[in-house]
1. Which angle from 0 to 90°, rounded to the nearest 10, does the C-alpha axis of helix 53-70 make with the longest principal axis of the chain?
2. Kindly rank 48-57, 81-90 from highest to lowest mean number of other beta carbons found within 10 Å of each residue.
3. For the chain, what is the mean residue ellipticity at 222 nm derived from helices alone (per DSSP H run of n ≥ 4: -39500 (n - 2.57); sum divided by total residues; nearest 500 deg cm²/dmol)?
4. Within straight cross-link reach of residue 46, meaning Cα distance under 13 Å, which aspartates and glutamates are found once same-chain residues fewer than 8 apart are removed?
5. Relative contact order for segment 2-129 using alpha-carbon pairs under 8 Å, separation at least 6, rounded to a whole percent?
6. Using a cut-off of 19 Å between alpha-carbon atoms, which aspartates and glutamates can reach residue 342, once sequence neighbours fewer than 8 places away in the same chain are excluded?
7. Please list the equivalent ellipsoid semi-axes of segment 141-348, computed as the square roots of five times the alpha-carbon gyration tensor eigenvalues, in descending order and whole angstrom.
8. On the first, second and third principal axes, largest extent first, how far apart are the outermost C-alpha atoms of segment 2-129 in Å?
Amino acid sequence: MRVNNIEYRTVWMEGATVYMIDQNRLPFEFSIFKAGNYSETCYSIKSMIIRGAGAIGAAAGFAMAQAIMQAPGKNPNFVDKARQEIESTRPTARNLFYATEKVFLAGKHSREAAIIEAQQIADQDAQDSRTIGRLGNELIQDGYSIETHCNAGWLAFVDYGTALSPIYFAHKSGKKIMVYADETRPRGQGARLTAWELKNAGIPFRIIPDTAGAFLMSTGKIDMMIVGADRIAANGDAANKIGTLEKAIVAHHFNIPFYIAAPTSTIDLSCNSGKEIIIEERNADEVLYQTGMDEEGSIRKILVSAPGSAAINPAFDVTPASLITSIITEKGIIRPKGPEIKKLFKTDT
Ligand code: MRU
């Protein structure tokens, strides 16, 4: 995607260095974070300098390749330990584990094979997102208002994104659309990142409080909802950013189509249902404090809750397949039912 007239990917690797757009500095500052070794790439995933299922998948693949490059010849445990470390950064996004496994196995042949595999995972992620955009665009009619939750745009992938990719295609094809971006407390990926992306692309949008979705749906303002996913179980249950489940229930109540957009690398056939998906629990400070820019232009963290309060901070929830209209994948738009999902993998397995 273009930023200041330069074409960027969210994350890329040159030599042994992984480069990524620093998403903790956005939307206030556009800067590139450099991770010179696999530990620094792990840090970037853990601290959410890079986030979003596909982007952390690509970063984890690059981290695995970095570890394989760094491995001293006489220490066979180095790469195994590195893999464990990378896989312990964030538990929910399937793409992270998909990438580490693929690069780890390629590394059994050679360092070069591991690097090629990591680059291919990133390229494939961008290509899949593009296809999701082209297919998803067919569902969007001229004049539609679309609600989305969190950020499943190009910042959450290597390029294009998933939930936002059909929106980019619709806009490019001349359809008049309006996007309602849930702010997505506590970290505000909607208000910060989705809004930044849409503004950058010149697409009309409004940020809405997380609590406003039901009201807008009840007044007929929303034609469809598209969100991303971090892991999809074999039965079609989908884990996505906390708050998604609530939106899906409300959309169902008002008979509004609710789509999940995700590449097949997010589907985990080893997970029978959403009950088996591990939900990340993040630091309570993300709920108790907010970070933003003050009027003088300094980025500050401020307390926004009663001093001394405790909080809980589950980062994801699971939407049951019964509430999902369809899943938009790079292999087609499917009903979220076991047999349909398994069919997607027929040629791969
Ligand atoms: O915690 P994050 O920001 O890494 O959350 C992941 C997400 O961006 C969302 O859940 C998103 O809607 C789907 S993944 C692109």
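Bear in mind that the values in this text are calculations on the coordinates, not laboratory data. Since the model is a prediction, treat every value here as computed from it, not as a measurement. Neighbour counts are summed over all protein chains in view; Cβ atoms, including those assigned to glycine, are modelled from backbone coordinates with ideal geometry.
1. Long axis of 53-70 versus the principal axis of the chain: about 10 degrees.
2. Working: 48-57: 27.6, 81-90: 18.1.
Result, highest mean first: 48-57, 81-90.
3. On the way: 11 runs with 120 residues, N = 349.
Theoretical 222 nm ellipticity from helices: -10500 deg cm²/dmol.
4. 22, 85, 87, 280, 281
5. Numbers: 189 pairs, mean separation 28.5, N = 128.
Contact order relative to length: 22 percent.
6. Leaving aside aspartates and glutamates fewer than 8 places away in the same chain, those within reach of residue 342 are 128, 230, 237, 268, 276, 330.
7. Numbers: eigenvalues 154, 97, 52 Å².
Semi-axes from the Cα gyration tensor: 28, 22, 16 Å.
8. Ordered largest first, segment 2-129 gives principal extents of 45, 26, 26 Å.
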